[in-house]
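Comments concern the structure below.
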Amino acid sequence: MSRSLSDRQLRAGFGIVIGGLVLLAVAFYSLQNRGVLPGGQISAIKLAWLGCAILFWYLLPGLLLMDGRMPRAARRACIILLVSMLLRGIVELFMMYVTGNWHPWMGISHDVVMLVLMLAVVIPLFRESDRLYAGYLAVATAMFIPETGFAWYMLEHATDPGTTVYFVSGDPRHGEIMIVTAVCVISLIVYLVFFSGHWLYGQTKR
C-alpha cells in the first residue's frame, strides 16, 4: 500500500474503524447467541477479545500501512502480519461457515508459526526502527500467546464430540478463563489508548 494519508485522514480512519468494529461486534453477538450462525454461544468478554484480535491483526495494520512516517523495516513486518492473517481469515471463515470442518488445532498451529515468525522480524525493529511502531508490532505478536492458550482451553473444556463449537460461552464453569481474558482485553485497551494518542497526536507533523 503506497498511498500515504494525512494526519487528519488517519484520525478519521481510526475513528471509523473503532466505530464500525463496535457496531459489527454488537450485530455478531446478537446473531451468534440467537443461533443464527453455527458455533455455539459466545460470551461478551470473548467477543471483546475477538474484537481486539481483529483490530490489532487486521484493521490497525491496514491503517498503519497508510502512514508515510512508518519506517521501512516496520512496514515490512506489518505487511507480513496483515497478509498472513488475511490468508488465515479467508481459510478459517470458509472452513467454519461453509465446509464446517475447522478445528482448534489449525488455529493453534498458525498461532505458533506466527509467534516465531513475528518475533524474528520484530525484535530487530527495536534497534533500527521507530519504537512506537515496533512496540505495536511487539504487542500484536505477543497476542498470539494468549490466543494459543484460549484455543487450547476451548479444545479441552468447551467442545463436545458431535457438536460444532467455535467459541467459549458465558457458562459459569468457564469463570477462570473469563478472568484471564478480561485481563488481556483491559491491558490491550489501555495500550491502545497510549498507542493511538502517541501515533495520531504525539508525533511530529509531516
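The values are calculated or read from the model by the stated rules, or taken from the named source; none is laboratory data. These numbers were taken from a predicted model, which means no experiment stands behind them. Heads up, the Cβs are rebuilt from the backbone with ideal geometry, glycines too, and the neighbour counts pull from every protein chain shown.
Of note:
- Of all residues in region 27-68 being of a type in the set (S, T, N, Q) and in a helix (DSSP H, G or I), the one that is nearest to Leu86 (Cα to Cα): Gln32
- Residues that are in a helix (DSSP H, G or I), more than 15 Å from Thr148 (Cα to Cα) and among the β-branched types (Val, Ile, Thr) within region 89-126 comprise Ile90, Val91, Val98, Thr99, Val121, Val122, listed in sequence order.
- Test: residue in region 128-150 that is in contact with a His (Cβ under 7 Å, 6 or more places away or on another chain), outside any helix (DSSP H, G or I) and touching a residue at least 24 places away in the same chain (Cβ under 8 Å): no
- Consider region 128-144 and keep the residues that are out of contact with any Phe, Trp or Tyr (no Cβ under 9 Å at 6 or more places or on another chain) and within 18 Å of Arg69 (Cβ to Cβ). The one that is surrounded by the most Cβ atoms within 10 Å (Cβ to Cβ) is Leu137.
- Residues within region 1-43 that are of a type in the set (Ser, Thr, Tyr) and at pLDDT below 95, tallied: 3
- Region 100-112, residues that are at pLDDT 90 or above and exposed (fewer than 12 other Cβ atoms within 10 Å of the Cβ): Trp105
- Boolean, Glu147 is touching a helix residue (DSSP H, G or I) at 6+ places or on another chain (Cβ under 7 Å) and surrounded by fewer than 16 Cβ atoms within 10 Å (Cβ to Cβ): no
- Residue selected from region 136-176 under the condition of a type in the set (D, E, K, R) and modelled with pLDDT of 95 or more, by the criterion nearest to Asn101 (Cα to Cα): Glu147
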